[in-house]
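Structure first, commentary second.
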Amino acid sequence: MARKLDRRTLLRGLLGGVAVGVALPALEVFLNDNGTAYASGEGFPKRFGWWFYGNGSHSNKWNPALEGANYELSEELSPLADVKSDITVVSGLKVYQPNEVPHGTGPAALLTGRRLGVAGGDFSNSTFATATLDQMLADAFRGQTRFPSLEIAVERTDASLSYTGPGQVNPPEWSPAALFDRLFGVGFRAPGDDPVIDPRLALRRSVLDAVSEDANALKKRVSRFDQQRLDQHFTAVRDLEKQIARLEEDPPNYAACSKPMSPLDEYPDVEGRPQMSAISRVMSDMLAMSLACDQTRVFSYLFSKPVGNVLYPGAPLGHHQLTHDESGDQPQVTKIIQQIIAEYAYTLQALRAIPEGDETLLDHCLVMGFSDCSFGKSHAVDEYPVVLAGGASGRLKKGIHYRAPGANISKLGFTILGMMDAGVGEFGGDEGIVSEGLDGLEAV
């Protein structure tokens with residue numbers, strides 16, 4: 001058997017009397033005998049992200065009838081058939097916080113374990129009380145990647161469910177062209193590329209260093225609100241410094257990492273209907289490659305916003321309006337949910353298409369798909385709709401329907417932090433505080 005080599009091995013030589021080196025892709029000789037980690041003991045990085053859509057589901061059309069591995073996908077989950085072995089349907093979870101803000105209470109409970117920090121009567125006027133799950137994990141990984149996290153939206157919106165703290169929202173990027181420029185424009189380096197550092201970045205770093213002392217002095221003289229704003233600004237500065245440092249280092253040496261096809265400049269509406277599918281698929285492809293290139297390990301993906309009223313193909317009215325106005329069993333709403341879940345399936349397929357050793361990028365991800373309520377018409381927050389995906393590098397039981405009737409939804413957040421190796425003693429507050437997770441969801 002060939003002797004294992006370190007993944008940082010370079011081809012070295014002399015060119016015109018000058019030493020040169022060429023980086024190598026993730027060859028088998030770098031991996032352990034199972035092909036699941038580098039022989040040096042350094043495994044493929046674990047990634048976390050959530051995939052959200054607004055306006056809920058129908059629990060009687062969403063929840064599978066059977067539990068365990070022999071379940072069949074429900075009517076609304078049927079578009080996930082191709083990735084059934086890679087998902088875990090989680091049902092029965094309940095939000096215990098007062099449902100004061102329809103479409104906002106549920107996400108706050110799931111992502112922070114708490115009530116909304118400021119309940120402004122509707123979602124658009126509310127904020128979260130603490131950092132959300134994605135940002136808790138982004139903070140744990142901070143400095144290890146070019147970007148601490150990515151915030152992506154498919155619907156054209158500045159609404160976000162990603163917070164670094166009270167009032168500190170992370171707006172999503174909804175333009176495919178802008179996201180491409182950010183990820184694969186200036187500053188992107190494929191393995192083996194020579195670094196091309198924008199000299200303006202170094203200058204900007206020097207300027208920021210020079211003003212940091214004055215900035216810290218200013219922080220002592222301003223209000224608590226302004227201190228929070230300054231903290232957010234300083235965090236962004238630190239992230240920029242780390243981004244510059246990452247640009248000056250060797251890029252990660254992943255064989256699957258490459259620059260994807262550039263998206264179109266614009267995706268105009270067609271007969272008043274946004275091109276949600278086309279936009280989501282190009283966004284998903286860019287997200288998958290950014291993870292494959294280890295540009296980030298945390299993402300939030302907002303397919304449609306809470307209370308979003310997107311006019312989908314074939315639908316006579318906007319999504320939110322239909323959830324309240326369509327009578328009976330709401331077949332039009334069901335068709336919309338199936339269209340949305342088909343796009344969730346596409347995102348998972350894009351992650352699964354990228355090999356990492358003997359496994360795939362999806363195997364090394366934990367993706368949480370969810371909505372803002374269960375039954376949209378009543379804004380119910382019991383029987384909360386959640387579909388986990390990926391393997392979390394062997395930590396998540398997948399291919400099952402896991403049911404926990406009445407379990408506090410905070411237990412899912414506690415469990416996810418543990419599976420992502422960012423375990424905490426407790427998670428949430430007030431009605432949502434928990435100190436243990438969901439039994440039987442984690443692979444032993």
Residue pairs within 8 Å by beta carbon, gap of at least six or interchain, first lying in segment 130-147 and within 10 Å of Ala422 (Cα to Cα) and touching a residue at least 60 places away in the same chain (Cβ under 8 Å), second open to solvent by less than 10 Å² (accessible area, probe 1.4 Å) and assigned to a helix (DSSP H, G or I), listed first then second, are Met136/Leu417; Leu137/Leu417
Could you grab me the full set of residues in segment 257-283 that are farther than 14 Å from Phe184 by Cα and in contact (Cβ under 8 Å) with a residue 24 or more places away in the chain? Leu264, Asp265, Glu266, Tyr267, Gly272, Arg273, Pro274, Met276, Ser277, Ile279, Ser280, Arg281
Is one or more of the residues making up segment 391-404 within 15 Å of the chain's Cα centre (by Cα) and of a type outside the set (Ser, Thr, Tyr)? yes
Residue hits (segment 383-420; assigned to a loop (DSSP other than H, G, I, E, B), at pLDDT 95 or above, open to solvent by less than 10 Å² (accessible area, probe 1.4 Å) and not hydroxyl-bearing (Ser, Thr, Tyr)) are Pro385, Gly390, Ala392, Ile409, Met420
Mind checking whether some residue in segment 62-75 is among the charged types (D, E, K, R), part of a loop (DSSP other than H, G, I, E, B), closer than 24 Å to Gly418 by Cα and open to solvent by 10 Å² or more (accessible area, probe 1.4 Å)? yes
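Out of Ser304, Ser258, Ser284, report the one residue that is over 22 Å from Leu133 (Cβ atoms) and within 22 Å of the chain's Cα centre (by Cα).
On the way: Ser304 fails: over 22 Å from Leu133 (Cβ atoms); Ser284 fails: over 22 Å from Leu133 (Cβ atoms).
When all the criteria are applied, what remains is Ser258.
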If I ask for residues that are buried (at least 23 other Cβ atoms within 10 Å of the Cβ), polar (S, T, N, Q) and within 21 Å of Ser126 (Cα to Cα), which ones from segment 137-163 would you list? Ser162
Given (1) crowded, with 18+ Cβ neighbours inside 10 Å; (2) touching a helix residue (DSSP H, G or I) at 6+ places or on another chain (Cβ under 8 Å), where does Pro166 come up short, assuming only one miss? (1)
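Are any residues in segment 42-80 in contact (Cβ under 8 Å) with a residue 40 or more places away in the chain, over 23 Å from Glu326 (Cβ atoms) and out of contact with any Asp or Glu (no Cβ under 8 Å at 6 or more places or on another chain), and if so, which ones? Talk me through it step by step, then tell me what you get.
Initial filter on segment 42-80 (in contact (Cβ under 8 Å) with a residue 40 or more places away in the chain): 43-59, 61-64, 66-69, 71, 75-80.
Add one more test, that the residue is over 23 Å from Glu326 (Cβ atoms), and what stays is 43-51, 64, 66-69, 71, 80.
Listed by number, the residues that qualify are Gly43, Arg47, Trp51, Glu67, Gly68, Ala69, Tyr71, Leu80.
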Mind counting the residues in segment 104-133 that are part of a loop (DSSP other than H, G, I, E, B) and over 19 Å from the mean Cα position of the chain (by Cα)? 8
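Can you go through Asp363, Asp421, Asp372, Asp382 and tell me which one is of a type outside the set (Gly, Ala, Ser), touching a strand residue (DSSP E or B) at 6+ places or on another chain (Cβ under 8 Å), touching a residue at least 12 places away in the same chain (Cβ under 8 Å) and under 30 Å from Ser258 (Cβ atoms)? Talk me through it step by step, then tell me what you get.
Values: Asp421 fails: touching a strand residue (DSSP E or B) at 6+ places or on another chain (Cβ under 8 Å); Asp372 fails: under 30 Å from Ser258 (Cβ atoms); Asp382 fails: under 30 Å from Ser258 (Cβ atoms).
Exactly one of Asp363, Asp421, Asp372, Asp382 is of a type outside the set (Gly, Ala, Ser), touching a strand residue (DSSP E or B) at 6+ places or on another chain (Cβ under 8 Å), touching a residue at least 12 places away in the same chain (Cβ under 8 Å) and under 30 Å from Ser258 (Cβ atoms), namely Asp363.
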Would you mind finding the one in Lys335, Lys305 that is among the charged types (D, E, K, R) and not in a loop (DSSP other than H, G, I, E, B)? Lys335
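Residue check: is Gln330 open to solvent by 70 Å² or more (accessible area, probe 1.4 Å) and modelled with pLDDT of 95 or more? Reasoning before the result, please.
On the way: open to solvent by 70 Å² or more (accessible area, probe 1.4 Å): no; modelled with pLDDT of 95 or more: yes.
When the stated conditions are applied, Gln330 does not pass them.
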(1) outside any helix (DSSP H, G or I); (2) open to solvent by 40 Å² or more (accessible area, probe 1.4 Å); (3) touching a Leu at 6+ places or on another chain (Cβ under 9 Å): which one isn't true of Asp82, the others all being true? (1)
Would you confirm whether any residue within segment 18-38 is of a type in the set (D, E, K, R), at pLDDT below 55 and out of contact with any helix residue (DSSP H, G or I) (no Cβ under 7 Å at 6 or more places or on another chain)? yes
Run Lys305 past the list (1) out of contact with any Ser or Thr (no Cβ under 9 Å at 6 or more places or on another chain); (2) buried (at least 18 other Cβ atoms within 10 Å of the Cβ) and report the number of the one that doesn't hold. (1)
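Looking at Val424, is it surrounded by fewer than 21 Cβ atoms within 10 Å (Cβ to Cβ) and among the β-branched types (Val, Ile, Thr)?
On the way: surrounded by fewer than 21 Cβ atoms within 10 Å (Cβ to Cβ): yes; among the β-branched types (Val, Ile, Thr): yes.
Yes; evaluated as a whole, the condition is true for this residue.
The values are calculated or read from the model by the stated rules, or taken from the named source; none is laboratory data. Given the structure is predicted, the values throughout are model-derived calculations rather than measurements. Glycine gets a Cβ as well: all are built from the backbone with ideal geometry, and neighbour counts include every protein chain shown. The accessibility values were calculated without ligands, DNA or RNA, using every heavy atom of the protein model including side chains. Shrake-Rupley method; radii C 1.70, N 1.55, O 1.52, S 1.80 Å.
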